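Note sheet for the following structure.
The values are calculated or read from the model by the stated rules, or taken from the named source; none is laboratory data. All values reported here derive from a predicted model rather than from experimental measurement. Every residue, glycine among them, receives a Cβ derived from its backbone with ideal geometry; neighbour counts consider all protein chains shown.
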Amino acid sequence: MSKWQIWSVDEYGQGSILATSDNIEQLIKTAKSNVHNENVENALTAEEKKRSWETFFVEYPCSKKNMLIYGGKDNRGRHVVYKISEKNIELVPASDIKVDPNIYLGNLDKQDWFAEDERRRQINSLKHPLLNTKTVYFLRLIK
């Protein structure tokens, strides 16, 4: 069974390991909870929260049998994704993934909240400049 870690990396490139487990679903839930708490559980109004969020979690639409898990950046600075099937775990560049990611920010007004640009268009690219100034949460496989 594989072990995974939740990592966070801030805008300056400082990384932290937040948890380790072999239960990937629980780690995703914990990472999303941390993102929610940092972006939503504060005294700001809903509109202020939409303008001043600080953290995000990248998620890809997928099934339990074939998961795509964002793995941060590799040692070359490329965004990478773990392709997980029942038999295999493969690390590939995010540019090879044909599905757009969702940038999860929390649960606001009883629905999932995803990053939007200043024109209120959903951000579906890991290269969007707005993401460069934020803290990202992701999972990393430990062998």
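Of the numbered criteria (1) within 13 Å of Arg140 (Cβ to Cβ); (2) hydrophobic (A, V, I, L, M, F, W, C); (3) touching a Cys at 6+ places or on another chain (Cβ under 6 Å), the one Leu68 fails is (1).
Do the conditions hold for Glu11, that is, is it acidic (Asp, Glu), part of a loop (DSSP other than H, G, I, E, B) and either modelled with pLDDT of 95 or more or over 22 Å from Leu131 (Cα atoms) (or both)? It is false that Glu11 is acidic (Asp, Glu), part of a loop (DSSP other than H, G, I, E, B) and either modelled with pLDDT of 95 or more or over 22 Å from Leu131 (Cα atoms) (or both). Output the residues belonging to the stretch 94-118 that are over 15 Å from Ala46 (Cβ atoms), surrounded by fewer than 18 Cβ atoms within 10 Å (Cβ to Cβ) and touching a helix residue (DSSP H, G or I) at 6+ places or on another chain (Cβ under 7 Å). The one that is over 15 Å from Ala46 (Cβ atoms), surrounded by fewer than 18 Cβ atoms within 10 Å (Cβ to Cβ) and touching a helix residue (DSSP H, G or I) at 6+ places or on another chain (Cβ under 7 Å): Asp117. Across the stretch 43-83, the qualifying residues are those that are among the hydroxyl-bearing types (Ser, Thr, Tyr) and closer than 27 Å to Lys98 by Cα, and the one among them that is nearest to the chain's Cα centre (by Cα) is Tyr70.
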